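Below: one structure, written as structure tokens.
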Amino acid sequence: IYETVTEIRTAGERAAGLTRQLLLFSRKQVTKPQPVNLNDIVAEVEKMLGRLIGEDVRLESLLSPSLGHVLADPGQLHQVLMNLAVNARDAMPAGGTLSIDTANVDVDASYVEQHPEMKPGPYVRLKVGDTGIGMTKDVQSHLFEPFFTTKKPGEGTGLGLATVYGIVKQSDGSIWVYSEPGGGTTFSIYLPRVDAGTNLPRELAPSHESLRGTETILVVEDQDQLRKMAVRILRDYGYEVIEAASPEEALLNSERHASPIHLMLTDLIMPGMTGPELVDRIKPLRPSMEIIYMSGYSEHRIPDLAGAYLAKPFSPEALAIKVREALDAPRSR
């Protein structure tokens, strides 16, 4: 059954990728920004581009050796480069040159007058260009709209450049396109430059045994597959788990359970009642119970969450770490 299971996993990853693209365009996906050197991202992506762009496209890169850092999510920057490379390849059906270059730039007032979305200051510029068919002004005016595409049906979702735009904007950057029919296309991305000294220390991954526990956890999630997965993960780590497919079932199970419930893991948005509303109902009955909210949206969209936050999708280890943190360091009441 290995081949079948692999196809199921691949389909799930594709669905998750499409969801991430939609969230990125609406700037609602949870990100993990950190100081990043774009040269490192380019070097990593170059290793994959050979198979992606084909033998008839020549790759040229000119990377500044003294490039500054930007504050962004490394995984999203990979996606930006890959999406732009795919677009460049499609624009060169007969072959050509894909160029990538990086540089430190200082944007002054005169440049801001021509590009009002930007502010004066230090930036890192990433340019991705091709020698392809180019674009008309009309196409350029719709370029970053979701689902807009010039490709044939079935050849693209129209989310590639919308995703790039969402990532750049979420990173406080700007993106500009320069193109002429028959004259190729160049995308210029400007991201604010930050001090390399702000690099965050890497944390050592905790051992499986240190994440185990015997406490009782109430899992509230209306999506059956996700709830069953969370329940299975927590039981594998040794916890006693009570599951509920709705807030109403959670309240009923809480009333029926005579022993302590140490933590509730609940979806943030559910039919009929939100996670915070459920907490308001159940907390008076179990004041010492810890809370973890889980959602695919950023925690900043709903302020003053009275509990910890876990971003979907999450790995088994991420769930176990978050649960252990909540149980070992109870919030002050």
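The values are calculated or read from the model by the stated rules, or taken from the named source; none is laboratory data. All of these numbers come straight from a predicted model, not from anything done at the bench. Neighbour counts are summed over all protein chains in view; Cβ atoms, including those assigned to glycine, are modelled from backbone coordinates with ideal geometry. Just the protein is used for accessible areas: all its heavy atoms, side chains included, with ligands, DNA and RNA removed. Shrake-Rupley method; radii C 1.70, N 1.55, O 1.52, S 1.80 Å.
I'd like the residue in the stretch 162-191 that is in a loop (DSSP other than H, G, I, E, B) and small (Gly, Ala, Ser) and, out of all such residues, is nearest to the chain's Cα centre (by Cα).
First, the residues of the stretch 162-191 that are in a loop (DSSP other than H, G, I, E, B): 171-173, 180-184.
Right, trim to small (Gly, Ala, Ser) and you get 171, 173, 182-184.
Details: 171: 12, 173: 16, 182: 35, 183: 34, 184: 30 Å.
If we take residues in the stretch 162-191 being in a loop (DSSP other than H, G, I, E, B) and small (Gly, Ala, Ser), then 171 is nearest to the chain's Cα centre (by Cα).
For the stretch 42-72, enumerate the residues that are under 17 Å from the mean Cα position of the chain (by Cα) and under 18 Å from residue 161 (Cβ atoms). Within the stretch 42-72, just 72 meets the criteria. Out of 138, 130, 90, I need the residue that is within 20 Å of residue 184 (Cβ to Cβ), without any contact (Cβ under 8 Å) to a residue 40 or more places away in the chain and not aromatic (Phe, Trp, Tyr). Which one? Among 138, 130, 90, only 138 is within 20 Å of residue 184 (Cβ to Cβ), without any contact (Cβ under 8 Å) to a residue 40 or more places away in the chain and not aromatic (Phe, Trp, Tyr).
Checked against the criterion of being modelled with pLDDT of 90 or more, over 16 Å from residue 189 (Cβ atoms), surrounded by 12 or more Cβ atoms within 10 Å (Cβ to Cβ) and touching a strand residue (DSSP E or B) at 6+ places or on another chain (Cβ under 9 Å), the stretch 23-31 contains not a single residue that satisfies it.
Quick one: is residue 242 part of a loop (DSSP other than H, G, I, E, B), in contact with a Leu (Cβ under 9 Å, 6 or more places away or on another chain) and crowded, with 18+ Cβ neighbours inside 10 Å? Write out each step before concluding.
Numbers: part of a loop (DSSP other than H, G, I, E, B): no; in contact with a Leu (Cβ under 9 Å, 6 or more places away or on another chain): yes; crowded, with 18+ Cβ neighbours inside 10 Å: yes.
No, not satisfied.
Here is the figure for the stretch 88-106: residues that are within 17 Å of residue 168 (Cα to Cα) and at pLDDT below 90 total 0.
Does residue 321 qualify as being among the β-branched types (Val, Ile, Thr), touching a strand residue (DSSP E or B) at 6+ places or on another chain (Cβ under 8 Å) and at pLDDT 75 or above?
Working: among the β-branched types (Val, Ile, Thr): yes; touching a strand residue (DSSP E or B) at 6+ places or on another chain (Cβ under 8 Å): no; at pLDDT 75 or above: yes.
It is false that residue 321 is among the β-branched types (Val, Ile, Thr), touching a strand residue (DSSP E or B) at 6+ places or on another chain (Cβ under 8 Å) and at pLDDT 75 or above.
Suppose we filter 162, 196, 109 for residues that are modelled with pLDDT under 90, within 21 Å of residue 63 (Cβ to Cβ) and open to solvent by less than 70 Å² (accessible area, probe 1.4 Å); which single one remains? Break it down into steps so the answer makes sense when it comes.
Numbers: 162 fails: within 21 Å of residue 63 (Cβ to Cβ); 109 fails: within 21 Å of residue 63 (Cβ to Cβ).
Only one candidate qualifies: 196.
Evaluation of residue 295 against the conditions (1) more than 21 Å from residue 210 (Cα to Cα); (2) surrounded by fewer than 17 Cβ atoms within 10 Å (Cβ to Cβ); (3) at pLDDT below 90; (4) of a type outside the set (A, V, I, L, M) shows that the sole unmet condition is (2).
Of all the residues in the stretch 256-280, those that are outside any loop (DSSP other than H, G, I, E, B) and in contact (Cβ under 8 Å) with a residue 24 or more places away in the chain number 10. Quick check on the stretch 47-62. Is at least one of its residues at pLDDT 70 or above, open to solvent by 50 Å² or more (accessible area, probe 1.4 Å), in contact with an Asp or Glu (Cβ under 9 Å, 6 or more places away or on another chain) and charged (D, E, K, R)? Checked against the condition, which is being at pLDDT 70 or above, open to solvent by 50 Å² or more (accessible area, probe 1.4 Å), in contact with an Asp or Glu (Cβ under 9 Å, 6 or more places away or on another chain) and charged (D, E, K, R), the stretch 47-62 yields at least one hit.
Can you tell me how many residues within the stretch 117-140 are closer than 19 Å to residue 171 by Cβ and open to solvent by 40 Å² or more (accessible area, probe 1.4 Å)? Write out each step before concluding.
So the first thing to find is which residues in the stretch 117-140 are closer than 19 Å to residue 171 by Cβ, and the list is 117-128.
Among the residues that remain, those that are also open to solvent by 40 Å² or more (accessible area, probe 1.4 Å) are: 117, 119-120, 122, 125, 127.
Number of matching residues: 6.
Of all the criteria given as (1) touching a Ser or Thr at 6+ places or on another chain (Cβ under 8 Å); (2) modelled with pLDDT under 90; (3) open to solvent by 80 Å² or more (accessible area, probe 1.4 Å), the one not satisfied by residue 208 is (1).
Restricting to the stretch 82-94, what's the tally of residues that are in a helix (DSSP H, G or I) and either out of contact with any strand residue (DSSP E or B) (no Cβ under 7 Å at 6 or more places or on another chain) or open to solvent by 50 Å² or more (accessible area, probe 1.4 Å) (or both)?
Pass one, the stretch 82-94, residues in a helix (DSSP H, G or I): 82-90.
The next check asks that each one be either out of contact with any strand residue (DSSP E or B) (no Cβ under 7 Å at 6 or more places or on another chain) or open to solvent by 50 Å² or more (accessible area, probe 1.4 Å) (or both); those that pass are 82-83, 86-87, 89-90.
The qualifying residues number 6.
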